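I have placed the structure first, in the form of structure tokens, so that the comments after it can refer back to it.
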């Protein structure tokens, strides 16, 4: 009986793409589901095949290579400290780039802060819930940088410009050998374990300097008598009646960020004599980021209040960061990021074109 991936390859070949004989060996069903490849490779392969008509006609991150040389950049994660300093980021408008992780988009927009780019990495089906409630006119000119193996629903839910990238790491043959073969033109980023770390890599790829991180707590912090591992989340509530204004209201995305579920994994950890509340996943994300800084000259400065990264990197407040690196407004034409909404295809339009052409994807 053919494997699920073999069936997807057949569908892919209907588009005219030919999978070489040797490459097919990579698609064998792995036995060890404890390994990353064992759990995710089938999903990655299936999504890549489904996304093929879209990705091959879309822009890739090669479009952004060295596009922001020496431009100060803030990368926004969702650690609980973001509630404490998110308003300070308003001072960076037009003076620095703002890259939001996908889960940070709504908190930023709720505070009337529009990021320049949104970074997405995870490939699970429910990822689109991070922006499905955002008004379409807000997303329409907001560029998204997204994994070529992402779930098709995630792409379909984004109405703005899209740039794709291939994830890459040495431990898995599928992403190392097959993805560059399927999508040779879009460019790759090393897989860094979490969307925040991927956003740091993206900023480095674009030549950003310095790179300031916010909401990169990588630990739990006490809020309202309990331990939290993420900041407040928001959803857009449409007007109750015509002519009335809509508004942002607080919410909790239990599908992706269930604090009650995570709290059961909390552990005490001492880092350089300071005590923190972490969990195995947060520890893994920290180790991954530290591993990147060992091999890459990342100009990283952390602005996460009370987070663990202050033990490893220079720490500054957001206001201090803006005063030291963002004194002048970015001139027109200094970076193409400002013009992506006019030069990069929109994902929804590409999907609609496929539908008109009778595609099955």
Check on residue 76, surrounded by 17 or more Cβ atoms within 10 Å (Cβ to Cβ) and either more than 19 Å from residue 143 (Cβ to Cβ) or at pLDDT below 65 (or both): no
One residue is enough: does segment 212-220 have a residue meeting the conditions touching a strand residue (DSSP E or B) at 6+ places or on another chain (Cβ under 7 Å) and surrounded by fewer than 21 Cβ atoms within 10 Å (Cβ to Cβ)? no
Restricting the search to segment 307-322, which residues are in a loop (DSSP other than H, G, I, E, B) and out of contact with any strand residue (DSSP E or B) (no Cβ under 6 Å at 6 or more places or on another chain)? 307, 312, 317
All positions within segment 314-352 that are under 21 Å from residue 282 (Cα atoms) and in contact with a helix residue (DSSP H, G or I) (Cβ under 8 Å, 6 or more places away or on another chain): 315
Going through segment 168-186 in order, the residues found to be crowded, with 21+ Cβ neighbours inside 10 Å and part of a loop (DSSP other than H, G, I, E, B) are 172, 183, 186
Residues of segment 278-306 satisfying the condition of being in contact with a helix residue (DSSP H, G or I) (Cβ under 7 Å, 6 or more places away or on another chain) and not in a strand (DSSP E or B): 279, 280, 285, 286, 288, 289, 292, 296, 298, 303, 305
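The values are calculated or read from the model by the stated rules, or taken from the named source; none is laboratory data. All figures in this text were calculated on a predicted structure; none of them were measured in a lab. Virtual Cβ from ideal backbone geometry, glycine too; neighbours counted across all protein chains shown.
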